[in-house]
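Working notes, beginning with the structure itself.
What follows is calculated from the coordinates using simple rules that are stated; it is not laboratory data. Note that this is a predicted model, so its numbers are computed, not measured. Positions of Cβ are generated from backbone atoms using ideal geometry, with glycine treated the same way; all protein chains shown enter the neighbour counts.
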Amino acid sequence: MKIISKFKDNYDFMVSKYGLDKTLVYDRRNSTLVGADELWRLDEGDKKVFERKLSGYRFIGGKFINWSKTDVNKLPRLLHSVIFIGKNLVHIFASQCKIYTSLEFDETELRRQYQNDRTLSFSDGFRAHIVSWLSKVGEQATREEILQLVALEGDRKTILKNIIRDDKIISKDEILSAPIVFFKLTQNIHTVAINPQLNAMGFYLDADFVWQSLVEFLSAKKDASAPAGTIPNDIKIASKGFDVKRSFRPKMK
């Protein structure tokens, strides 16, 4: 895979392992920047909505704190968002202090739908409840389904935010064809970002996983764009009655 970009990311070095394939090009020049704080940030309206839903909780310093508990951080709340790496869907769970992904689940964790108040267990022993407006998004969800969900939620009170880059609207086709796409949905925040810089987002993804996922995605796009029913030259020549070995041999003096 060949990468064209204005920045470096934490999987770029994998070209030394897999080599440079110039027929597969990942152009990151249309990247939308997403910082780590975007993963857990809520506006004032969202805070009030979630605090009403989560009786006894307050959103302070990037964390949902339960005032009724002696140990306020015993089971913290993590805000849910998702990112596609190629066709692979990865769930993100974030607070100001910790950011995890669904690839870091404990082996006993069942990955189904991510309902509010569900307790998640991660491989380092950390446990938390999640806060989610994407609770209907399962492991098999597609970009089209999530984009439709974000757009429908946005039709209620607001338009899609952060779908504008350099004063230009990012089209649906661009979102669906981008190798990496990030989605975040709350009542007042509706974010879709394409080709973000992963090492700026504050969580870890295995470089080999990212590279192979992108190569698989770009290869599928390349195959889909190839002309249907392309006939090899030797078959075309034979169909016209010529002998491939004899008819096109150079004349020797």
**OP:** Treat each spin label as a single point 7 Å out from the Cα along the C-beta direction, and report the residue 7 to residue 222 distance in nm.
**Re:** 2.6 nm
Subject >> Burial ranking of peptide ranges 35-48, 125-138 (average Cβ count within 10 Å, highest at the top) >> reply: 125-138, 35-48
